[in-house]
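Data first, discussion second: the structure below is written as structure tokens.
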Amino acid sequence: MDIQRKILCPSILNLAIDNIQEEVKKLDAADIDIYHVDLMDGTFVHNFGMSIRELEMIRRITDGGARKMIDCHMMVMNPHRYVEKVAEAGADIIYIHPESELVPSATLELIQMLGKKTGLILNPCTSLESVKDMLPITDYVMVMGVNPGFAGRDFMPYTREKFLELDQYRKKKNLNYHLLLDGGATRAVITDLYHNCNVEGYVLGKQELFFQKDDYAACVRRIRGF
Ligand code: DX5
Ligand code: ZN
């Protein structure tokens with residue numbers, strides 16, 4: 001099996017917002033890959049997450065440092081309306097939930113037109129079948145291991161099957177999308193999905209990265225070894 005380098009995506013939702021500048025600088029200095037910014041509208045999910053202003057802030061901070069990539073996870077109804085703003089604010093990858101738009105393929109095309117990477121993010125109950133026609137225009141596919149909207153939930157084991165299907169499908173169709181997990185990324189889950197299901201990317205929350213005894217750099221080194 002061809003093992004790829006892990007794509008590690010700290011979930012900014014977990015940051016103490018009063019220290020955002022310091023925390024992002026520390027994350028910048030650790031070997032992370034992509035900041036994961038959760039946008040919520042209180043309707044698609046029953047919560048409010050980060051805002052476009054916070055995305056801009058992270059863009060500014062990291063551009064003054066390690067210039068990391070930023071993704072935006074849009075837990076929003078009709079994200080098409082906001083994709084341009086999110087791109088302007090500095091997101092490199094824009095993830096939409098297919099069920100949040102009547103014609104999600106048009107939103108993916110808009111993201112491409114804006115020169116950004118396209119992302120599809122699947123809820124635990126969203127099937128491969130329902131999105132497979134869009135996979136040729138998708139750069140990143142994220143599967144939720146938890147119901148969306150809140151951090152710190154337990155990985156739902158039945159979602160494992162979807163990772164296997166998405167990995168097999170990209171091989172069968174010769175597609176190059178990256179495969180990532182959002183939600184419930186514990187050591188055991190990462191170890192299993194990385195070694196057995198070819199999942200290269202992980203959104204990191206409190207389980208392995210935030211509020212740990214060790215600093216970010218040490219946690220990231222540990223996670224790279226899982
Ligand atoms: C959940 C968010 C996640 C969240 C993941 O809806 O999309 O980014 O931070 O939660 P954890 O990693 O804490 O399970
Ligand atoms: Zn997310």
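No lab work stands behind these numbers, since they all come straight from the coordinates. These numbers come from a predicted model, not from an experiment. Glycine gets a Cβ as well: all are built from the backbone with ideal geometry, and neighbour counts include every protein chain shown.
Report whether or not Asp63 is within 17 Å of Tyr140 (Cα to Cα) and either among the acidic types (Asp, Glu) or more than 14 Å from ligand 1 (Cβ to nearest atom) (or both). Show your work before the answer.
On the way: within 17 Å of Tyr140 (Cα to Cα): no; either among the acidic types (Asp, Glu) or more than 14 Å from ligand 1 (Cβ to nearest atom) (or both): yes.
The answer is no for Asp63.
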Worksheet, complete the sentence: Checked the range 159-184 for anything farther than 19 Å from Thr126 by Cα and touching a Phe, Trp or Tyr at 6+ places or on another chain (Cβ under 8 Å); matches are Leu175
Worksheet item: Out of all the residues in the range 26-55, which are touching a residue at least 40 places away in the same chain (Cβ under 8 Å), within 11 Å of ligand 1 (Cβ to nearest atom) and in a strand (DSSP E or B)?
Response: His36, Val37, Leu39, Met40
Worksheet entry | All positions within the range 192-226 that are within 15 Å of ligand 2 (Cβ to nearest atom) and either surrounded by fewer than 13 Cβ atoms within 10 Å (Cβ to Cβ) or touching a residue at least 60 places away in the same chain (Cβ under 8 Å) (or both) | Gly201, Tyr202, Val203, Leu204, Gly205, Lys206, Leu209, Phe210
Item to complete: Name every residue in the range 198-226 that is within 13 Å of ligand 1 (Cβ to nearest atom), not in a loop (DSSP other than H, G, I, E, B) and not hydrophobic (A, V, I, L, M, F, W, C), in order of residue number.
Response: Gly201, Tyr202
Worksheet item: For Glu23, all conditions in the list (1) more than 25 Å from Leu179 (Cα to Cα); (2) buried (at least 19 other Cβ atoms within 10 Å of the Cβ); (3) away from ligand 1 (no atom under 15 Å from the Cβ) hold save one; what is the number of the exception?
Response: (3)
Worksheet entry | Among residues of the range 106-151, those that are of a type in the set (A, V, I, L, M), under 22 Å from Ile34 (Cα atoms) and more than 16 Å from ligand 1 (Cβ to nearest atom), counted | 7
Response to the item:
Sole miss for Thr107 among (1) crowded, with 20+ Cβ neighbours inside 10 Å; (2) touching a Cys at 6+ places or on another chain (Cβ under 9 Å) is condition (2)
